[in-house]
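Here is the structure we will look at, set down as structure tokens.
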Amino acid sequence: MVIDLSGKTALVTGGTHGIGASTALSLATAGCRVVVFSRDVEKVDNIRKIFQSLHLDATCLVGDVCDAADFERITTQITEEFGGVDILINNAGGGGRWGSECILETDENVWTEVYEKNVTAAMRYTKFFLPYMINKNWGRVVTISSIYGKEVGGRPWFNIAKTAQAVLMKNLSQNKSYSSHNITFNCVAPGPIYIPNTGWSKLREEKPREFNHHVQKIPRQRLGTPVEVANVVTFLSSDLSSLINGAVIACDGGQGVCL
């Protein structure tokens, strides 16, 4: 099975690290022109060098997904250079480890910030690029949710935000004025994904017993990798997935079934 995205343009929010970076590289390898951005200048420089070394077509920008001025600047640049994007990957998000496990000890701002980063950002970028997809009569919107957006678990502000992302995609998928233009809206719901220098890698170094306890709960007996999630996202971004619309696809080694 060959995925050919030649002639397509994709935007991957938060696309300079982890799942976002792997997705951007996968899309670019399939022939897609890719735009990525994040607020970390060092990560932006690093991913730019990787793209250049592989001779892949990519534009790497610095910007915060929650910042209104950055949204205006990034969308303007994309519109001026490419007209819009055919594929939107709402990857920026997170907040699963923010706050305390006790809601009584967690400030209300945490709830708001996690929602803004996950749901509001996805809504804003989807709303902006949807008219372009309608005009092109083709589009793919894939949002990176979580198994905690399908089942209970996780800290409540994260669970609520990830559930809202899935509901947003499902809601848009039911609108025939979009689906009639060959536009699909789906979520990929990762389970625990091992990314260097993030929560899971730190837990393995600092508390190996606790780390192993979590791994033992996963039927596959291991954490996932960003590439494994990117493979699913790339498939959903292609014509091969044309009948999949409104789905929330778990990529979790079977853990979600056990929640």
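The values are calculated or read from the model by the stated rules, or taken from the named source; none is laboratory data. Remember, it's a predicted structure, so these values are computed and weren't measured experimentally. Backbone-built Cβ (ideal geometry, glycine too); neighbour counts: all protein chains shown.
Worth a mention:
- Meets criteria (within 19 Å of the chain's Cα centre (by Cα) and over 27 Å from GLY149 (Cβ atoms)) for THR29: yes
- Qualifying residue in segment 200-211 (condition: outside any loop (DSSP other than H, G, I, E, B), over 19 Å from the mean Cα position of the chain (by Cα), surrounded by fewer than 18 Cβ atoms within 10 Å (Cβ to Cβ) and hydroxyl-bearing (Ser, Thr, Tyr)): yes
- Residue within segment 163-179 that is over 13 Å from ALA247 (Cα atoms), hydrophobic (A, V, I, L, M, F, W, C) and surrounded by 23 or more Cβ atoms within 10 Å (Cβ to Cβ) present: no
- Residue identified as within 20 Å of the chain's Cα centre (by Cα), buried (at least 20 other Cβ atoms within 10 Å of the Cβ) and among the β-branched types (Val, Ile, Thr) among VAL41, VAL65: VAL65
- Scope segment 154-175; condition over 22 Å from ASP107 (Cβ atoms) and outside any helix (DSSP H, G or I); matching residues: GLN174, ASN175
- Qualifying residue in segment 221-228 (condition: of a type in the set (Lys, Arg) and surrounded by fewer than 21 Cβ atoms within 10 Å (Cβ to Cβ)): yes
- Of residues in segment 188-199 being over 17 Å from the mean Cα position of the chain (by Cα) and modelled with pLDDT of 70 or more, the one farthest from CYS251 (Cα to Cα): ASN197
- Filter result for GLU116 (over 22 Å from ASN245 (Cβ atoms) and in contact (Cβ under 8 Å) with a residue 40 or more places away in the chain): yes
- Lone qualifier among VAL248, VAL232, VAL215, VAL188 - being β-branched (Val, Ile, Thr), surrounded by 14 or more Cβ atoms within 10 Å (Cβ to Cβ) and in contact with a Lys or Arg (Cβ under 6 Å, 6 or more places away or on another chain): VAL248
- Test for ALA24: is it without any contact (Cβ under 8 Å) to a residue 12 or more places away in the chain and within 30 Å of ILE160 (Cα to Cα): no
- Segment 42-62 residues that are at negative phi and in contact (Cβ under 8 Å) with a residue 24 or more places away in the chain, paired with ones that are in a loop (DSSP other than H, G, I, E, B) and among the β-branched types (Val, Ile, Thr) (beta carbon under 8 Å, 6 or more apart): LYS43/THR16; VAL44/THR16; ASN46/THR16; ILE47/THR16; CYS60/THR16
- In segment 167-186, the residues that are basic (Lys, Arg) reach residues that are at pLDDT 95 or above with C-beta atoms within less than 6 angstrom, at least six apart or across chains, in these pairs: LYS170/GLY246.
- Considering segment 114-160, and only residues there that are over 30 Å from GLY7 (Cβ atoms), small (Gly, Ala, Ser) and buried (at least 23 other Cβ atoms within 10 Å of the Cβ), the residue that is modelled with the lowest pLDDT turns out to be GLY149.
Conditions (1) in contact with a strand residue (DSSP E or B) (Cβ under 6 Å, 6 or more places away or on another chain); (2) surrounded by fewer than 16 Cβ atoms within 10 Å (Cβ to Cβ); (3) at pLDDT below 95; (4) aromatic (Phe, Trp, Tyr), marked per residue:
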{"residue": "LEU11", "(1), (2), (3), (4)": "yes, no, no, no"}
{"residue": "HIS17", "(1), (2), (3), (4)": "no, no, yes, no"}
{"residue": "ALA21", "(1), (2), (3), (4)": "no, no, no, no"}
{"residue": "LEU27", "(1), (2), (3), (4)": "yes, no, no, no"}
{"residue": "VAL36", "(1), (2), (3), (4)": "yes, no, no, no"}
{"residue": "ASN46", "(1), (2), (3), (4)": "no, yes, no, no"}
{"residue": "ASP57", "(1), (2), (3), (4)": "yes, yes, yes, no"}
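- Residues that are more than 19 Å from the chain's Cα centre (by Cα), under 14 Å from ALA58 (Cβ atoms) and touching a residue at least 40 places away in the same chain (Cβ under 8 Å), drawn from segment 77-92: PHE82
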